[in-house]
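For reference, the structure is listed below as structure tokens.
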Amino acid sequence: MKKIKNLIFDLDNTLYDFSDIWKKSNKLVFEYLEYNKLINYDEFFKLYKSINNKLVKEVVQGKLRLIELRNKRLKLTLTKLGVELSNEDCKFYYDKQFEFILALIEPDEEVNMWIDKLKEKYNMIILTNGKSQEQRLKLKKLGLEGVFKLYISGETHISKPKEGAFINVLESEELLPEETMMIGDSLYHDIKPAKKLGLKMEFKSMGFDALIPAVQSGDIDMIAAGINATPEREKALDFSDVYFDQGGFITVVRKDNTTIHNMDELAGHTVGAQIGTIPVEMAQKIPNTTVKQIDSNANIFMELKAGTIDGAIIDNAVAMYYLKQGADQDLKLVGEPTKAEGTVLGVKKGNKALQEAVNKALKELKEDGTYQKIYDKWFGDYNKK
């Protein structure tokens, strides 16, 4: 694998929390134009958001151009309130809203510190949809003017998620896809088209007990390791929405085992569990067990096959995956999985921008059918067997 040399960033909701600022600015312009005399803002925004979501689907389907979205959603919302807007009215609304957006944007010292470090090692590029002047003014307010080479759809006339937007950057900067990483908040606009062209995301494998310290130190941005949102972990992490609801923990034994039929029957046996996980505590509570703490699930399965442990308590999703991939030739699940709140992704405490971006991506995965395809590929119907 070639070393990453180039970083392409999205701007809004990636380098700063645009969603929060947008919501605040939208309320300010709503009140400035005295629409609050017609309707409560929360009711207005609920209607606005509903109409926007429908129109976004039309954009994705190619029925509506992205450039037409802003005016149409505003016109349709206010028409339902008995207010008819012209294109000039819409322009005034959005121009005024952008004034509020600029007033609300502030530099983030921590983000800018990391950007300063990254620019010493990588070619730094921004690929963003939007008007030229607006995106440049945002960067100036963020304290990031002059840091990146800019590719703005208002200048290039190619918008994400069109592959041409990404190809234009690669060709103009003479970049190799395999040496380039895309960093963005949208699965649809940023990640999918970048992945299709061969751009990279970075994954790090490490022991479970090292994950939270790695997030806190900035060595990794997110934990994707089948974790549950516990009160203890919540002290250090913010969590995504639940993305897997068949969690809990299950007992795994060798296929030829005839004496262990559930978790309670692990009593008196040698039980494997991954270091730093809840199953260690669960196994220790079972009477007369010898608990062997093992550094990875892969090694737990190896020890089960080798007979150095009698059984193991493992995350149900992990167990389903391993057995679906062929481990069921030697191993089997026994009993029922424990009940769990569901599996989540973890980010550093206070990293709301990444948390929101992850939740948005999960929502898109489920809505476009990708989530189900991934589930079928890795788990199939094993949990129903």
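Details
- Of the criteria (1) more than 30 Å from residue 39 (Cα to Cα); (2) surrounded by 17 or more Cβ atoms within 10 Å (Cβ to Cβ), which one residue 100 fails: (1)
- A single entry from 289, 258 fulfils the requirement of being among the polar types (S, T, N, Q), over 21 Å from residue 229 (Cα atoms) and in contact with a helix residue (DSSP H, G or I) (Cβ under 8 Å, 6 or more places away or on another chain): 289.
- In region 327-345, of all residues being part of a loop (DSSP other than H, G, I, E, B) and either over 29 Å from the mean Cα position of the chain (by Cα) or of a type in the set (S, T, N, Q) (or both), the one that is nearest to residue 264 (Cα to Cα) corresponds to 335.
- Which listed residue, of 287, 279, 231, is in the same structural domain as residue 355 (by TED's automatic domain parsing) and farther than 24 Å from residue 371 by Cα: 231
- Where residue 128 falls short, out of the listed (1) within 19 Å of residue 27 (Cα to Cα); (2) at pLDDT 90 or above; (3) of a type in the set (Val, Ile, Thr): (1)
- Whichever residue in region 148-193 is small (Gly, Ala, Ser) and either without any contact (Cβ under 8 Å) to a residue 24 or more places away in the chain or not assigned by TED's automatic domain parsing to the domain that holds residue 135 (or both) and, among such residues, is surrounded by the most Cβ atoms within 10 Å (Cβ to Cβ): 164
- Condition met for residue 314 (in a helix (DSSP H, G or I), outside the structural domain of residue 352 (by TED's automatic domain parsing) and modelled with pLDDT under 95): no
The values are calculated or read from the model by the stated rules, or taken from the named source; none is laboratory data. Just so it is clear, the model here is predicted, and its values are computed rather than measured. Positions of Cβ are generated from backbone atoms using ideal geometry, with glycine treated the same way; all protein chains shown enter the neighbour counts.
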